[in-house]
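**Student:** The structure that follows is given in the form of structure tokens.
The values are calculated or read from the model by the stated rules, or taken from the named source; none is laboratory data. Nothing here was measured: the structure is a model prediction, and the numbers come from that model. Here the Cβ positions follow ideal geometry from the backbone for every residue, glycine too, while neighbour counts run over all protein chains shown.
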Amino acid sequence: MAPNIFSLILRHRELRTARAERTKVTIGIAASLTLLAASLLPASGASATEYNEPDYSKFKVEDGQITLEFWSWVGGLDNTVKDFERAYPNIKIHVNNVGGGPAEYQKLQTALKAGSGAPDVAQIEYDFLPSFIVTDGLADMAQYGANEVKPYFVPWTWGQVSPDGKTVFGIPQDSGPLALNYNKKIFDQYGLSVPTTWDEYAQDAEKLDKASGGKVKMGHFYPTQAPWLIGLAWASGGVFFKAQGDTWIQTLNNAAAEKTLTYWSDLVKKGYVSSIPGFTAEYYTALGAGQIASSVEAAWGPGVTAASLIDKTSGDWRAAPLPQWSKGEPLRSGNWGGSCDAVTKQSKHPKAATLFAIWLNASKNPVVANWIQFGIFPVAISGLADPDLNAPDKNPSKFFGGQNLMQLYSDASKAVSVDFAWAPWFAFANDNYNKQIDALFTGKMTPKQALDAWQDECLKNAKADGYDVKGQ
Amino acid sequence: MRYRKTALLFLAPFLSVFVAFYLAPVVYAIYLSVFIKKRTGLGPAKEIFGGLANYARAVQDADFLIGLKNMFLFGIVQIPVMLGLAILLALLLDQSRGIFVRICRTVYFMPYGIPTAIGALIWGYMYAPNLSPFNQILRALHQLTIDFLSPDLVLFSIGNIVTWTWTGYNMITLFAALQNIPKDLFEAARVDGATGWELVRYIKIPLVVPTIRLLFIFSVIGTSQLFTEALVLRPLGYVADNITPNLYLYLTAARDANYSYAGALAILLAVLIFALSGAFLRRVGSR
């Protein structure tokens, strides 16, 4: 029941689905989507740069007719997987969208616990992957040769699915390096320059607040998305979780987090920055009405914004590198979201499942289709450099005035620190964050107190759940 | 002996389903609840026997206890409001005749026909601070707006959804009970000179008390199972994990994958409700 409820609510993952649905409507019928996918094929042949794909013949699959159940909230996959089915006629892929993010995880945890009902392959975000590793639900894909394809993926994303460098619990699908998205029309109207530092950002915010009489907010703080703040603190060198030998270290109240939260909390309290819960009708109404001039967004963000606002402010948006703390420093970014495709221990065809997960994320056709249909920012190294991913006349680029978003976010991706880990109890910490931020914005706590409370409550819960974890 | 066999045969369809979908899960939850997780390093956790460790944790778990407190607060405020409204509407409908009454009856009952999740979603939009029609009216009147989803108010906002859904259901049940009162009682009362209000006070209400009692028990149990509304409102803002005990134990199981602890919480909650309803039934049953 619960996932059905969630799937009705506009969260970012669902919005991606909504986008795919709308794409279908725009083009007309689902059949023409197939044509679109087909039209991408000759383009790949004509492409100037070499697209480097793994040698799939190294992966031997099980005999006989195989149907793989695949849970994912990426839209348009029904068509994308047809290429795979053509190449491997004995394998059928059954794509099932059981809800995005937590809605899927709660189903998956239950199916894994129940011992049956889990899919062969499931999409899981990096931050939630450890919670499935510790419940012993995922197969180690290294035994099916997954380490072979490590060189084809952006190194830090491989680190997310292979924490110890030996076992492999997923094939990276996408990532969410951060950049600044801004409404150029509002910036032009109020004579704002694109900020390159957080000081400039705060100055712009003050200027905009005065000029608009408080009607237009400079930016947006996501009050119920812990990974957004973590991504920003990540860009400033914050470390939140660390495995040390057989124990964990959790430092949610690290210095970078405190600096980041203090900065944003100040802007929110001054009224320069909105703090409407994200991925809600409320938020998109404000964004579409031109009440919010910019937002720090992950690489999948432009696709979500375009899908949510459809025509409103289409073409007005641009993206710029993430502002930095000081001028002249090399670009540093953090990551928000991004997923991998994992094979469950319940799969009866783990070899075929592994091959499919690799094909989906390393091959050119699915990588191009996922970006253009859904705004999924690839982590296949060849995909990042491929000119076919720069399509100015298609969303998400079209929504951003034809800007080459791939280039901008690729640079952001290179500026993400590779050394970043998550803990198995992140799902708890993710929800607990909302509680502390509410206390912060209702004046019950200072930023430091909120982070300390977040740290303490999560530490207490993790210990009660049997984890060997400490603060510093 | 032959009769016993026949009785068992007739009971079998009910008993088999009852055992499979009711007793077995309860037994499984009790079984789960005596295990704790033993973690070694970063690998998968092992489940080991922990005796009553989970129960000991539960009775000291401030979050769970606050959830229980919320549940009681909710019951004390919402149940009387809902049942009071239902009684009032049922009496009014019982008093009148004609097409208008039938329309009203259907309209009041309608919310019950809407799936809880859908109803909560629609209410979620009506509660959104800026989009809310209530707030738009308030703003037009130059009043302050209300954040229905703020932590201080969200329990009452959920109460409003529950009242909206269930008042009609309770009303229909009471209305049916009122319609079943033999008409000769009213005739006799009128002959004795009873007025309209006296008919209500001395005939109608006393004769539907058993129904009200039943509805009260249902409402108490319903309150203890509050879940869907809270879950649906969660993505719209900050709604606490422990806004209701059921949501808290659901998250413990499905989010944190701690089925053993969730099992212990579920058993404790069930025992508590069982004791409360039992005590109530015994009290009013003896009268």
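**Student:** Just to be sure before I move on: is A:Leu287 of a type in the set (A, V, I, L, M, F, W, C), closer than 30 Å to A:Gly165 by Cβ and touching a residue at least 12 places away in the same chain (Cβ under 8 Å) in the structure I sent?
**Tutor:** Working: of a type in the set (A, V, I, L, M, F, W, C): yes; closer than 30 Å to A:Gly165 by Cβ: no; touching a residue at least 12 places away in the same chain (Cβ under 8 Å): yes.
In short, no.
**Student:** Any residue at all in the stretch A:403-420 that's outside the structural domain of A:Ala256 (by TED's automatic domain parsing), more than 27 Å from A:Ile124 (Cβ to Cβ) and free of Cβ contacts under 8 Å to residues at least 60 places away in the same chain?
**Tutor:** Yes, the conditions are met somewhere in the stretch A:403-420.
**Student:** Separate question: Give the stretch A:304-346 a look and list any residue that's surrounded by fewer than 21 Cβ atoms within 10 Å (Cβ to Cβ) and more than 29 Å from A:Ala281 (Cβ to Cβ), or say none.
**Tutor:** Passing the criteria: A:Pro321, A:Trp325, A:Ser326, A:Lys327, A:Gly328, A:Glu329, A:Pro330, A:Leu331, A:Arg332, A:Lys345, A:Gln346.
**Student:** Hey, another quick one. Filter the stretch B:107-123 down to the residues that are closer than 15 Å to B:Thr228 by Cα, assigned to a helix (DSSP H, G or I) and out of contact with any Phe, Trp or Tyr (no Cβ under 6 Å at 6 or more places or on another chain) and list them by number.
**Tutor:** Once the filter is applied, which keeps residues that are closer than 15 Å to B:Thr228 by Cα, assigned to a helix (DSSP H, G or I) and out of contact with any Phe, Trp or Tyr (no Cβ under 6 Å at 6 or more places or on another chain), the stretch B:107-123 yields B:Thr116, B:Ala117, B:Ile118, B:Gly119, B:Ala120, B:Leu121, B:Ile122, B:Trp123.
**Student:** Just checking: which of the helices (runs of 4 or more DSSP H) contained wholly in the stretch A:351-459 hold 2 or more residues that are among the charged types (D, E, K, R) and out of contact with any Asp or Glu (no Cβ under 7 Å at 6 or more places or on another chain)?
**Tutor:** On the way: elements: A:364-374, A:381-385, A:405-414, A:426-441.
Ranges flagged: A:405-414, A:426-441.
**Student:** Hey, can you tell me all the residues within the stretch A:96-114 that are at the interface with chain B (Cβ under 7 Å from one of its Cβ atoms) and surrounded by fewer than 22 Cβ atoms within 10 Å (Cβ to Cβ)?
**Tutor:** A:Thr110, A:Lys113
**Student:** Of the numbered conditions (1) surrounded by fewer than 21 Cβ atoms within 10 Å (Cβ to Cβ); (2) in contact with a Pro (Cβ under 9 Å, 6 or more places away or on another chain); (3) touching a residue at least 24 places away in the same chain (Cβ under 8 Å), A:Ala427 fails exactly one; give the number of that condition.
**Tutor:** (1)
**Student:** Taking helices (runs of 4 or more DSSP H) that do not extend beyond the stretch B:223-287, which have at least 1 residues that are more than 14 Å from chain A (Cβ to nearest Cβ) and touching a Ser or Thr at 6+ places or on another chain (Cβ under 8 Å)?
**Tutor:** Values: elements: B:228-233, B:245-250, B:259-285.
Per the criteria, B:245-250, B:259-285.
**Student:** Based on what the data block shows, is B:Val284 surrounded by fewer than 23 Cβ atoms within 10 Å (Cβ to Cβ), farther than 17 Å from B:Leu65 by Cβ and touching a residue at least 24 places away in the same chain (Cβ under 8 Å)?
**Tutor:** Details: surrounded by fewer than 23 Cβ atoms within 10 Å (Cβ to Cβ): yes; farther than 17 Å from B:Leu65 by Cβ: yes; touching a residue at least 24 places away in the same chain (Cβ under 8 Å): yes.
Taking the combined requirement at face value, the residue satisfies it.
**Student:** Determine which member of the set A:Ala391, A:Ala385, A:Ala369, A:Ala357 is more than 13 Å from A:Ala299 (Cα to Cα) and touching a Leu at 6+ places or on another chain (Cβ under 7 Å). Don't jump to the end; show me each part of the working.
**Tutor:** On the way: A:Ala391 fails: touching a Leu at 6+ places or on another chain (Cβ under 7 Å); A:Ala385 fails: touching a Leu at 6+ places or on another chain (Cβ under 7 Å); A:Ala357 fails: touching a Leu at 6+ places or on another chain (Cβ under 7 Å).
Answer to the selection: A:Ala369.
**Student:** Tell me, which strands (runs of 3 or more DSSP E) lie completely within the stretch A:200-299 with 1 or more residues that are within 14 Å of another protein chain (Cβ to nearest Cβ)? If you could, list the steps in order and put the result at the bottom.
**Tutor:** Values: elements: A:241-244, A:247-250, A:294-297.
Those strands (runs of 3 or more DSSP E) span A:241-244, A:247-250.
**Student:** Look at the stretch B:33-81 and say how many of its residues are without any contact (Cβ under 8 Å) to a residue 60 or more places away in the chain and either basic (Lys, Arg) or within 30 Å of A:Ser162 (Cβ to Cβ) (or both).
**Tutor:** 11
**Student:** Also: Looking only at residues that are assigned to a loop (DSSP other than H, G, I, E, B) and touching a helix residue (DSSP H, G or I) at 6+ places or on another chain (Cβ under 9 Å) in the stretch A:122-145, which one is farthest from the other protein chains (Cβ to nearest Cβ)? Let's see the steps before the verdict.
**Tutor:** Taking the stretch A:122-145 first, the residues assigned to a loop (DSSP other than H, G, I, E, B) are A:134-137, A:139-140, A:145.
Checking which are touching a helix residue (DSSP H, G or I) at 6+ places or on another chain (Cβ under 9 Å) leaves us with A:135-137, A:139-140, A:145.
Details: A:Thr135: 5, A:Asp136: 3, A:Gly137: 9, A:Ala139: 12, A:Asp140: 11, A:Gly145: 22 Å.
Ranking the qualifying residues of the stretch A:122-145, first place goes to A:Gly145.
Each row is one residue, and each column tells you yes or no for (1) of a type in the set (S, T, N, Q); (2) surrounded by fewer than 19 Cβ atoms within 10 Å (Cβ to Cβ); (3) at pLDDT 90 or above.
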site	(1), (2), (3)
B:Gly43	no, yes, no
B:Ala58	no, no, yes
B:Phe72	no, yes, yes
B:Ile79	no, no, yes
B:Ala86	no, no, yes
B:Phe109	no, yes, yes
B:Gly113	no, yes, yes
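**Student:** Also, quick follow-up: Can you name the helices (runs of 4 or more DSSP H) wholly within the stretch B:22-106 that have at least 3 residues being polar (S, T, N, Q)? Break it down stepwise before answering.
**Tutor:** Numbers: elements: B:24-33, B:53-59, B:62-95.
Ranges flagged: B:62-95.
**Student:** Sticking with this one: Return yes when A:Glu148 is of a type in the set (Asp, Glu) and within 14 Å of another protein chain (Cβ to nearest Cβ) and no when it is not. Give the steps one after another, and end with the answer.
**Tutor:** Values: of a type in the set (Asp, Glu): yes; within 14 Å of another protein chain (Cβ to nearest Cβ): no.
Against the criterion (of a type in the set (Asp, Glu) and within 14 Å of another protein chain (Cβ to nearest Cβ)), A:Glu148 does not qualify.
**Student:** Looking at (1) closer than 24 Å to A:Leu287 by Cβ; (2) among the hydroxyl-bearing types (Ser, Thr, Tyr); (3) out of contact with any Lys or Arg (no Cβ under 9 Å at 6 or more places or on another chain), which is the only condition A:Thr167 fails?
**Tutor:** (1)
**Student:** Could I ask something else about it? Which residue pairs have Cβ atoms under 8 Å apart, sit 6 or more places apart or on different chains, and have a first residue in the stretch A:160-180 that is within 14 Å of chain B (Cβ to nearest Cβ) and a second that is of a type in the set (S, T, N, Q)?
**Tutor:** Close Cβ pairs (under 8 Å, with a partner that is of a type in the set (S, T, N, Q)) amount to A:Ser162/A:Asn147; A:Lys166/A:Asn147; A:Phe169/A:Ser162.
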